[in-house]
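Scroll down for the structure; my scribbles are underneath it.
The values are calculated or read from the model by the stated rules, or taken from the named source; none is laboratory data. From a predicted model like this one, the values you see are computed outputs, not experimental measurements. Positions of Cβ are generated from backbone atoms using ideal geometry, with glycine treated the same way; all protein chains shown enter the neighbour counts. Only protein heavy atoms, including side chains, enter the accessible area calculation; ligands, DNA and RNA are left aside. Shrake-Rupley method; radii C 1.70, N 1.55, O 1.52, S 1.80 Å.
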Amino acid sequence: MANQPSMSRALARRENIAGYLFMLPSLVFFIGFVVIPMALCVYTSFFDAGMDRNTPDVFVGFANYAELWKDAVFLKALKNTFIIVFVSVPVVCVFSLWVASAIYRMKESIMSLFRIIFYLPVVTGSVAVTVVWKWIYNNYYGVLNYVLKGAGVIDRNINWLGDQRFALWGIIIILLTTSVGQPIVLYVSALGNVDATLVEAAEVDGATDMQTFWKVRWPLIMPTTLYILVITTINSFQCFALIQLLTSGGPNYATETVMYYIYYAAFKLYRFGYGNAMGVILAIFIGLLSALQFRLAKEK
Amino acid sequence: MKKFLAIALALVMVLGLAACGGTVTSTEDAAPSANDAADGAATSITLWTYPIGGWGDEATVKSLTDAFTAETGIAVTVEYLTYADGDDKVNTALTAGQGPDLIMEGPERLVANWGATGYMVDLSDIISPDDISELNVAAMEACYAPTGEVYEYPLVMTAHCMGVNLDAFKEAGADQYLDLENHTWTTEQFIAAVNALEEHFGGAVGAVFCGGQGGDQGTRALVNNLYEGAFTDPDHTEYTWDSEENIKALKTLYDLKGIEFNPAIAGGDEIALFYNETLKMAFCWNIAQQLNPNSADTGAGKTINGSEIVFMAFPCEDNIRPVQLQGGIWGFGIFDNGNQAKIDAAKQFIQFMCDSEHTIDAVRAANFFPVRTTVNAWSDNEIMQEYNKLMPMLGDYYQVTPGWAQARTAWWNMLQQVGQSDGSEAAIKAAVEQFCAEANAGA
């Protein structure tokens, strides 16, 4: 009996070692491709680093960070990024919850059909998606102008991606179509897993459909909602491919986002330190907003 | 037993990874590399090429590299870049120390960018006085760094121009404004033609595309020629596009109903819109497009519907300054990857393509004109002969001005701001001055 605790510890240690060894390959990749680049990003952000082989990187302290807040393009990019986040995150959550609520009790085949329809833009490559949307938005022969003119909504073609009044909203709409697929699948799954006995009990007690949803189902799917909020927030903050492929941040910086500006500063202006400083700031914003979401969800 | 197997499996996986890493390191550490022969000569080199005419086509390039390999025994691995992301790929590779041995592009990248930042090998030792005497003077000058090194061995060149849909011009009665013999027209004729086309067809007949840097040589040449403006000073030390002449040109373009500033398209999109006859003129045009419009293989000098395309110089004011077309110069440069064997092999490749009996094939593959004046590549091609009329109109090759990469982006951002403005002279002036100052800050 006296040997039992030490044997348990030995067993636990052996199991831990096995577990760590299984994790090791992933850990190597995680450290190599995530942790070290992140550390390098923070480190480089304190340097005036560029491509020039003949000029050594110069330590500039927080100068890159200070410059950011005087850079009109960065501030515009930050504003655009927040608009994208604050519009797309609630819309994605509400829309996907609505669709999932409508389809999760349907016949399996019909529900699968809807899941495929909404998930298709997610698995379609960004380039293919943007080619299609570029055609839809085309100023000269785009289908959107054709439909709106036919319906009498507009009387002349609008350059949707070339007009600073519409370009950002055009991007947000595309982002929504590519963002709702996964949340819908997750919500369908979460709603399907809600304990039926709890719902029946509420109904027996006289709860209406709305009361059942908000008092029983909603709290039970809260972990899913939190996950969706966090991933949608991160994806929205990191909106890049659509911008690069469709507008390059234009017209007149109307669709410039922080992610695109990081790329622009690093690969077009060759200001690696400045780009990294932006990356650090973006990571801080994403972290803060995600933490806030966790906090609010926990309080709920 | 299960645990033993699990641990063994994990160890195998970890060691496997370590082994993979070790292989890469040892290959890289070997100097000279495993690709080098015992006598120290390289047996393989890598070439990255932008889509310069047929040099973007794998079958065409393979026939050239196969001939080189057959003669020298040096294998060539080719990677085909696009203008959309080619710079990013090269820059990423260079900063990671994984650049190719050879690159094919123009002096704006090889000299003003990678040469100026210390990544290129000086090619002076393979350019003899005889070569200098045979190579086009303006093209050769563009390949020199301000400090005297040669970072590009030029192979081909062309003059960028405009394309017009002649059938559409005739239909609108605008062909009267074209000098089809000399392929020239004046600013007044251009304005009259745009108005005639707009009245006949309605909407935009030409687009000042500014969705990115693709094809921006066209918009620069258009603006600079209308009223004799300049993009840089003659010494290539400063950007001077904030001149009254250029502001006047931008104002003229803004005020023309048939011309629209379109930030949703770049040069490639404009060519497609011209090819499908949505637009009646293209500002992004050259001989490669004339020979194969939109790279669609539907016939030289024809739109998708078979309308005739005529190449034209950019319009300029009559009797003031001759038109100055933007030149395109393309050739080879060598990245200094610290391996002399590879550098020597790359130099052999350059001499094979640019200074041998094979040069004519390399030139014809590109669909442009040879920089070496002794190469007679196009005597059998009527279109090339006709296009040759534009070559004397080549203007200053200012793309080697320091800070070129930043200046290019400032240019299309400026066009976007002009296009989104109210079109007043004050608004245009403000945009021009703001972005020209940005360009000069990077110079």
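Descriptive notes on the structure:
- Candidate set from region B:218-240 (those that are open to solvent by 30 Å² or more (accessible area, probe 1.4 Å) and at negative phi); member that is farthest from the other protein chains (Cβ to nearest Cβ): B:PRO234
- Some residue of region B:244-253 being of a type outside the set (A, V, I, L, M, F, W, C), open to solvent by 10 Å² or more (accessible area, probe 1.4 Å), under 21 Å from B:ILE320 (Cα atoms) and touching a Lys or Arg at 6+ places or on another chain (Cβ under 6 Å): no
- Checking each residue in region B:69-111 for being assigned to a loop (DSSP other than H, G, I, E, B), among the charged types (D, E, K, R) and surrounded by fewer than 20 Cβ atoms within 10 Å (Cβ to Cβ) picks out only B:ASP85.
- Residues that are free of Cβ contacts under 8 Å to residues at least 12 places away in the same chain and among the polar types (S, T, N, Q) within region B:283-325 comprise B:SER295, B:THR298, B:ASN319, listed in sequence order.
- Residue in region A:264-271 that is within 12 Å of another protein chain (Cβ to nearest Cβ), in a helix (DSSP H, G or I) and either open to solvent by less than 10 Å² (accessible area, probe 1.4 Å) or within 21 Å of A:TYR137 (Cα to Cα) (or both) present: yes
- With respect to the conditions (1) among the hydrophobic types (A, V, I, L, M, F, W, C); (2) over 21 Å from A:ASN138 (Cα atoms); (3) away from chain A (no Cβ under 14 Å), B:MET281 falls short on a single one, namely (2).
- Subset tally (residues that are part of a strand (DSSP E or B) and open to solvent by 30 Å² or more (accessible area, probe 1.4 Å)) for region B:157-216: 2
- Answer residue from region A:200-252, given it is on the phi > 0 side of the Ramachandran plot and open to solvent by 30 Å² or more (accessible area, probe 1.4 Å) and is farthest from the other protein chains (Cβ to nearest Cβ) among those: A:GLY206
- Residue match in region B:136-151 (condition: part of a loop (DSSP other than H, G, I, E, B), open to solvent by 10 Å² or more (accessible area, probe 1.4 Å), modelled with pLDDT of 95 or more and within 19 Å of B:ASN276 (Cα to Cα)): no
- Filtered by the rule that a residue be open to solvent by less than 60 Å² (accessible area, probe 1.4 Å) and within 16 Å of A:ALA283 (Cβ to Cβ), region A:28-38 gives A:VAL34, A:PRO37.
- Subset of region B:267-282 (residues that are touching a residue at least 24 places away in the same chain (Cβ under 8 Å), open to solvent by 20 Å² or more (accessible area, probe 1.4 Å) and of a type outside the set (S, T, N, Q)): B:GLY268, B:ASP269, B:GLU277, B:LYS280
- A:ALA207 at pLDDT below 90 and over 19 Å from A:LYS79 (Cα atoms): yes
- B:ALA70 fulfils the conditions (1) more than 14 Å from chain A (Cβ to nearest Cβ); (2) in contact (Cβ under 8 Å) with a residue 12 or more places away in the chain; (3) of a type in the set (A, V, I, L, M) except for a single criterion, (2).
- Among the residues making up region A:212-253, those that are part of a loop (DSSP other than H, G, I, E, B) and not aromatic (Phe, Trp, Tyr) are A:ILE221, A:GLN238, A:CYS239, A:THR247, A:SER248, A:GLY249, A:GLY250, A:PRO251, A:ASN252.
- Given (1) within 26 Å of A:PRO219 (Cβ to Cβ); (2) open to solvent by less than 10 Å² (accessible area, probe 1.4 Å), number of the condition A:ASP195 does not satisfy: (2)
- Among the candidates B:GLU425, B:GLU386, B:GLU433, residue that is more than 13 Å from every other protein chain (Cβ to nearest Cβ), surrounded by fewer than 22 Cβ atoms within 10 Å (Cβ to Cβ) and farther than 23 Å from A:GLY250 by Cβ: B:GLU386
- A count restricted to region B:115-128 and to residues that are crowded, with 17+ Cβ neighbours inside 10 Å and either at the interface with another protein chain (Cβ under 8 Å from one of its Cβ atoms) or small (Gly, Ala, Ser) (or both) stands at 4.
- Residues located in region A:149-163, provided they are open to solvent by 40 Å² or more (accessible area, probe 1.4 Å), at negative phi and more than 10 Å from chain B (Cβ to nearest Cβ): A:LYS149, A:GLY150, A:ALA151, A:VAL153, A:ASP155
- Taking the criterion of being more than 10 Å from chain A (Cβ to nearest Cβ), assigned to a loop (DSSP other than H, G, I, E, B) and not acidic (Asp, Glu), the residues of region B:394-408 that qualify are B:GLY395, B:TYR397, B:THR401, B:PRO402.
- Checked against the criterion of being more than 12 Å from chain B (Cβ to nearest Cβ) and crowded, with 16+ Cβ neighbours inside 10 Å, the candidates A:SER179, A:SER189 yield just one match: A:SER179.
- Identification of helices (runs of 4 or more DSSP H) wholly contained in region A:48-140 with 3 or more residues that are open to solvent by 70 Å² or more (accessible area, probe 1.4 Å) and away from chain B (no Cβ under 14 Å) yields A:72-103, A:108-123.
- Total residues in region B:253-266 satisfying the condition of being outside any strand (DSSP E or B) and either in the same structural domain as B:ALA84 (by TED's automatic domain parsing) or touching a helix residue (DSSP H, G or I) at 6+ places or on another chain (Cβ under 6 Å) (or both): the figure is 4.
- For region A:277-300, the condition holds for no residue, the condition being that it is open to solvent by less than 50 Å² (accessible area, probe 1.4 Å) and on the phi > 0 side of the Ramachandran plot.
- Scanning region B:345-363 for residues that are in contact with a Ser or Thr (Cβ under 9 Å, 6 or more places away or on another chain), open to solvent by 20 Å² or more (accessible area, probe 1.4 Å) and closer than 10 Å to B:LEU64 by Cβ returns a single hit, B:ASP361.
- Some residue of region B:287-302 being open to solvent by 30 Å² or more (accessible area, probe 1.4 Å) and in contact with a Gly (Cβ under 6 Å, 6 or more places away or on another chain): no
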